[in-house]
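Computed from the coordinates by the stated procedures, all read-outs in this text should not be read as laboratory data. This is a predicted model, so every value here is computed, not measured. Glycine also receives a Cβ, built like all others from the backbone with ideal geometry; neighbour counts cover every protein chain displayed.
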Amino acid sequence: MSTLEIRDLHVSVAHSDATAQPIDILKGVNLTVRSGETHAIMGPNGSGKSTLSYAIAGHPKYTVTSGTITLDGEDVLEMSVDERARAGLFLAMQYPVEVPGVSMSNFLRTAVTAVRGEAPKLRHWVKEVKSAMGELEIKDEFADRSVNEGFSGGEKKRHEILQLGLLKPKIAILDETDSGLDVDALRVVSEGVNTYKERGWVDSTGTPVGGGVLLITHYTRILRYIKPDFVHVFVGGQIVQSGGAELADELEANGYAGFTQAATTGA
């Protein structure tokens, strides 16, 4: 069992005007994500959902002004970005970056070597990657292409989930993974996430542990494929309501207006 715990998290970002005060984005977030759980965070544009993901991952643009983030009791905020990855955190970005000149195969093997602490044996590695690519319907020739260079939106997202399946983190933060996906790509990517949640990672005793998922999204369509255990409504840098999958149905029917109005009026 692994646990990501966020307590009273406040995060700010520098103002575009260097003489102005930083802008407070997160204003006291409390959230616990455990192995085998899927948490969906939903909310309108500008509510701070992506800021939460970047703060967990350690993006230098965002400053944690107070609060804590721990993974299995270890202080995540004291870790560098690469240390967070090795500890078991994974971020799939909304807009994956291109890395010209670095092949997918080299990138993946380097990343896995860094996380596992040793390079996978080549014979087993080739078989592992080929199997993982097949599950995500990624063509073999993509292994020789530069990371995300010239990829479509769907291809980039499949590559992110390919990394997820190979790195086997304890907790996966997926930021707008459904953004820009057509129906077929959404199905394939969702199946990859579900497979990760089921297979998860292996602890020090060799026991398989289910993966924990923190899924950030605007829309409910991905939740038809990835069933959440918990749904959290994010407004104004805070979680204003939590519930089960039925809360997503309420949002589908009524939108965020009632929650944003209540947050504004303090009702």
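Overview of results
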quantity: Net charge, Gly73 excluded, C-beta distance under 14 Å - Lys, Arg +1, Asp, Glu -1; calculated: -2
quantity: Cα-based convex hull, the range 112-195, per residue volume (Å³, whole number); calculated: 103 Å³
quantity: Mean residue ellipticity (222 nm) of the chain, computed from DSSP H runs ≥ 4 via -39,500 (n - 2.57), nearest 500; calculated: -11000 deg cm²/dmol
quantity: Cleavage-rule hits (chymotrypsin sites (Phe, Trp or Tyr not before Pro)) in the range 171-239: DSSP loop, at most 15 neighbouring Cβ within 10 angstrom; calculated: Tyr219, Tyr225
quantity: Footprinting exposure proxy for Thr205, Thr217, Thr113 (fewest neighbouring C-beta atoms within 10 Å first); calculated: Thr205, Thr113, Thr217
quantity: Taking the convex hull of Cα positions in the chain, its mean projected area over all directions (nm²); calculated: 15.2 nm²
quantity: Residue range of the chain that is longest and free of trypsin sites (Lys or Arg not before Pro) which are both DSSP loop and sparsely packed (at most 11 other C-beta within 10 Å); calculated: 140-267
quantity: Extension gain from Glu83 to Glu118, taking 0.36 nm per residue of separation minus the Cα-Cα distance; calculated: 11.1 nm
quantity: Environment charge at Pro96 (Cβ cut-off 13 Å; Lys +1, Arg +1, Asp -1, Glu -1); calculated: -3
quantity: Centre separation in Å (Cα based) which lies between the range 39-53 and the range 152-222; calculated: 17 Å
quantity: Estimated D of the range 24-93 in µm² per second, where Rh is the Kirkwood radius over Cα pairs and Stokes-Einstein applies at 25 °C, 0.890 mPa s; calculated: 187 µm²/s
quantity: The range 87-237, Rg to Rh (Cα coordinates; Rh as Kirkwood inverse mean 1/r); calculated: 0.96
quantity: Within-11-Å neighbourhood charge of Ile226 [Cβ basis; K, R +1; D, E -1]; calculated: +2
